[in-house]
Structures are given as structure tokens and as C-alpha cells.
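Read through the structure below, which is laid out as C-alpha cells, and then see the notes.
The values are calculated or read from the model by the stated rules, or taken from the named source; none is laboratory data. Model, not experiment: these values are computed from the prediction. Virtual Cβ from ideal backbone geometry, glycine too; neighbours counted across all protein chains shown. Ligands, DNA and RNA are excluded from the accessible area calculation, which covers all protein heavy atoms including side chains. Shrake-Rupley method; radii C 1.70, N 1.55, O 1.52, S 1.80 Å.
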Amino acid sequence: MAHSTTPGAAPRTAPSSTTDDTAEPSAGGHRSARPGRPARPGGVTRAEKKALKKAANGGTLRTRLKRDRTLVLMTLPAVLLVLVFNYIPILGNVVAFQEYDPYVSDNGFVAIFHSPWVGFEQFSRIFEDSAFWDAVQNTFVLFSLQLLLFFPIPIVLALLINSVLRPRVRAISQAILYLPHFFSWVLVITVFQQIFGGAGIIAQTLRRHGHEGFDLMTDPGVFKFLVTAEGVWKDAGWGVIVFLAALASVSPDLYEAAAMDGAGRWRRMWHVTLPALRPVIALLLVLRVGDALTVGFEQILLQRDAVGPGAAEVLDTFVWWNGVRNQEFSYAAAAGLIKGVVSLGLVLAANKVAHLMGEQGVYKK
């Protein structure tokens, strides 16, 4: 029997068995989210969270390896190089706890198993050696000078080059600054010798005009500043390129918006440019702190005899002198192991500071 309807009125429909106000319970016992509404935190199961995390990471390890196999094959030679020359030699630190004698066997590696164990005797000798503490002091003084004088210079130069409007002038300036990075330390020290040495250009010019000459290359008092100046001249261009690359990623719209708000050149640099450089500065600062105890082995070794070990002895030259020249392999290995442990602690501490500043640093939290 057909139902009668009122003329002009919409027909009534029977209510459906399921409505939007009800939802099917999920496998975890929670009700699923209503259509059009975000899911409640309690409605996501552990399996779903794991699946979402795996999807965010690009899938399973096998899937990622299959997808990125070309990149993995490209980086494999570099990984093998680092493994062979950086990680496998770490096993040789075992000689720091021995009285290592390479002559007890025809094979130096086999000699490790025949050398007597002495425990921490080598470390006790090091801590009682005044030459070691002099090397530590010189190392930290050189690092402090390089951090204060060398680290800010690439930032300043990058800001100056970035402010140049003409691309040709900018490219020429960048090339001139980066050129010394390709010079060896032998060539760099030779150039400084020809300028600041006793027979250099400045000393000869002073003598021709009746003044007394000077020789900065053999003056222990200015050696640390001289080493810092050599490092600035050689490697500042590399830092400029890094910071210029960071500046290139800054959107011009930010500068235009700041200018429309009335910000001058200095205000734009303070509120736009420097915040853009902040992540790069934090990363390079962490790496610089981790390299604090390595202040230039080849550079200092070439000038060590000119100024004496009192001014030029650092931890790297201390290890080289005792291990290679004096053949006290266990003693030098103990000194190198101390340096490595302290450097690792400095990297972790500096990276923690970067995290507290809101930056990523070398690795994420």
C-alpha cells in the first residue's frame, strides 16, 4: 500500500542504520575518528604509529636500499676509505696499554700480541711530563686565538661580498679569496717568509731607509699570531663560500618586507641575514670545537725548529716527536688516545650547546 504524501512536501526517508554520530570501534578498542574531523590521540594504535613512522622515513630499510642503491654505490668507495684509514687504525690504540716493541717479531702487527702489558703506566708518565702540559697549553692558546680571530673573518667577508651588487666584482673577489686554499703549507710559509722574515721584503725596505730590520718568523712571542694569520690567509676563502651558499638560500622577499617595515641596512642584516646564517655558524662552530686539539700539524711542524718547541709544541707534534723520532710508540699512542677522548667530549659538549640554542648541530637530538 503506497503512503500518501502531502502536496509540496518532501518525502520522508527512513533513518539509516548507521549515522555520523556513531563510529565503528577500531582494532585497538578505540572509536575511529568521525569523517571530517581529526583523529583523537588515543585513537592511534601502536601499530599505526609504527606504520606512520616507517612511511615518514621512506619505508623499510630494504626498500630504501633498493631505492637509493645508486647513491649507496657512489658513496661506497668513500666509506671504505674512511673505514680503512680512520676506523681500523683505532684498534692500534691497544699499544697505549703496553710496552710495545716492534722488534719482537718480523711483523709489526704480530708484535702487538707479544708486547708486555703495563696497564695505565704510560698515562701516568704523561700526566707527570711537563712537556705534555706545555703542549696542551700551547694547543688551547692557539685554538682560542683561531676561534676569536679566524672564525668570524669568513662571516664578515661573506657579508661584504654579498652586499656587492655587481656579479662580476663579486665573482672576482670570491675567486681571489679562495685561491690560497689550494696552496700547500710549504708554499704558504714560504710566502710569509719572503714578506715577514729577516731577509723579507719589509725587513730589507726598513734597512735601506736606515731602520733596523726584524724577523717575525723566528720570534716566539708572535708565533701564535703568525700561525693564526697564515690560517686566515689560506682558509678564509673556503669559509666565505660556505656562508655565501647559506646567504643564497635567503628569500629576497624577506629583505623587501623588512625594508617596507622601515628596517635599514644594519637592521636587515641583524634580523634577516644573521638568523639565516645561524644554523651554518652553529654547525661550523661545533666542528671547529671538535678540531680544537688539532691546530695544524704540518703548518706548525714546518716552523717548529725556527721558534723552538717551547712556543710551537702542540699535541700533534708532541705525539709525532715521541712516536716517530724517539720511537716511544706506546707513550705516543697514550698521548694520542687522550687527545681523541678529549676531542670527542668537546664535540658532544658543543653539540649539546647547539641543541640548547635551538640548532641541529652535527646530529639531531
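Overview of results
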quantity	calculated
Separation of alpha-carbon centers, region 185-233 and region 267-323, rounded to whole Å	21 Å
Mean Cβ count within 10 Å, highest first, over the residues of peptides 250-259, 300-309	300-309, 250-259
Relative contact order computed over region 135-242 (Cα-Cα under 8 Å; 6+ residues apart), in percent	38 percent
Residue list for region 301-330, given a label point 7 angstrom along the Cα-to-Cβ vector of Thr218 and an amide N cut-off under 13 Å	305-308
Segment Arg125-Val164, length gained on full extension (0.36 nm per residue, minus Cα span)	8.4 nm
Amide N of region 311-328 lying under 17 Å from the label point, which is placed 7 angstrom from the Cα of Asp101 along Cα→Cβ	327-328
Simple spin-label estimate for Glu256 and Trp238 in nanometres, 7 Å along Cα-Cβ	3.8 nm
Rounded to whole Hz, the Karplus (6.51, -1.76, 1.60) HN-Hα couplings of region 93-108, x for glycine and proline	5, 5, 5, 5, 9, 10, 9, 5, 10, x, 9, 6, 8, 5, 10, x
Under-5 Å amide H pairs with Gln98, H placed in peptide plane, nonlocal only	Val118
FRET efficiency for Arg325 and Leu65, using Cβ-Cβ distance with R0 set to 51 Å, rounded to 0.05	0.60
Net dipole in debye of region 180-307 [+1 Lys, Arg Cβ; -1 Asp, Glu Cβ; about Cα centre; nearest 20]	200 debye
Relative contact order (%) - criterion: Cα under 8 Å, at least six apart; region: region 253-341	17 percent
Residues of region 140-194: accessible area per residue with a 1.4 Å probe, Å²	62 Å²
